[in-house]
Every structure is written in C-alpha cells, then in structure tokens.
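Scroll down for the structure; my scribbles are underneath it.
A short reminder: the numbers here are calculations on the coordinates, not readings from a lab. Everything numeric in this text was worked out from a predicted model, so none of it was measured. A quick note on method: Cβ atoms are made from the backbone with ideal geometry, for glycine too, and the neighbour counts reach across all protein chains shown.
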Amino acid sequence: MNDTRDSLHRIAIHVLARARFDATGRFGLRATPGGFGTPMFGEDLFRVAGGALVREHGGDASAMPLDGATLADLAAFASVDLTTPFDAGEAMPPVGDIHAPLRVDADEAARMAEWFDFGWRVIDAAAAASPDAKAVQLWPEHFDAGTSVAIAEGERCNLGASPGDAFSDEPYLYVGPWSDSRPGDASYWNAPFGAAVTRADVFAAQDPFETGVGFLCRGLDLLRG
C-alpha cells in the first residue's frame, strides 16, 4: 500500500474534484506546478503542490499542510461539503473516515508530480498526430492522466500515465484499447487492459521522453495496422 498515493487520490476526488463539480458540474483535473489541481473556475483554483493544498482566490493564495490533516479539515478549507451526493463512476474511492489523519510524504508527492508532468508531455506528443484526440485530463476517479484517440471508425484507445494502482505499484504508461483487439506483436500486449511500461523501464532508457512517446505510438501503430 502506498499511503501517500492513496491519500492524494482521496484528496483529488473528494476535495478538488468535488470543489470544481459543485461550481461547474465538471470534475476533471490537470497537472499543475508541483502537483495537480483544478482549472480556474470563477475566482477559485485549488491545487496540491508538494505537501500542501493551495487555494487561490481573487489573486490571493493560502495553503494547508496535507500530512496529518484530515479529509474533513481539507474539505472545510476548500469549502466542500462531503455529505452531498457525488458520483464520478465505479472507480471512485470511498470517502472513508473523514476524521482520520492523512499520510502524505512530501518527497513521494514530489515524485508523483514529476511523473504526472512527464506523462502529460508524453501523452500530448503521442496524440499530436490524431486531430480527434480528446484533451488530456487527470481523471480523479482513476487518479491518472489520460486521453483517448480514434484508431478506426467507431473505435478508440486510451493513452495514459498512472502513478500506480492495483495493477502495478510502480508508476506506468499505458495503452488501453476500448475493444478486445490486440493485433500484431503479442509480446507488446502485456496487461489485462492492453499494454504498459513502468517508470523504471522508461527512465532506464537513454532518452526517457522519446522512449515513452515511442511506446504509446507503437500501440497506436499496431492497432491501426
């Protein structure tokens, strides 16, 4: 279990995503300097930066340390009501004990922020040749960055960067076809949802960025034949 990742996942969905949803009806997030957060809505923006939750409002900023804070503390800081109904899909983690202290290691949070930033740029580059690609978002229910692109008429494929989950404790890039099709090189399709490559393998390469982009583009090439 990764306490920092699990705590940040709960903060992402139950504080940041709820704050945006309450104001706009949307809950997608994005990579931000030092972490992740909401886009600006009205005069507000919320983001996790290092070991703190930052609230920007009307040009002013305030922050609350994450480690040792409770979900209830952070929700109050963000003016979020945790008792109101909110559904972001089956992958959404439960609210849990809102009064239990959260464990967020600042160094681990920084490594996660670096991975989201790297993954975002890799996904952008891999999807650049697909004019129908959706905007990259950080999906708080899954807690990963991703987009989808068309691979054929009526068929699409997800491209993403996960900080780790039940599939792999190690952060990874992935290609996830919406269909069951796994054409071409069988060794490439190494995951139940499609294909994945870990951060360790990507960063062992001489050029990690080109390696990551190449991995995602390889999946698209195989799927498109």
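Comparing Gly214, Gly42, Gly59 in a Gaussian network model of the chain, where Cα atoms under 10 Å apart are tied by springs, the biggest mean-square fluctuation is seen for Gly59.
Quarter the surface of the alpha carbon convex hull of the chain and you get the mean projected area, 12.8 square nanometres. Translational diffusion coefficient of the range 1-132 (Stokes-Einstein, Kirkwood radius from Cα pairs, 10 °C, 1.306 mPa s): 104 µm²/s.
For the range 108-224, go through all pairs of different Cα atoms, get the mean of 1/r, take its inverse, and jot down that Kirkwood value in Å. Every distinct Cα pair counted, the radius reaches 14.1 Å. Exposure here means at most 11 other Cβ atoms within 10 Å; with GluC sites (Glu not before Pro) in a DSSP loop as sites, the longest stretch of the chain lacking them is 154-225. Volume per residue for the range 159-225 equals 84 cubic angstrom (convex hull of Cα atoms).
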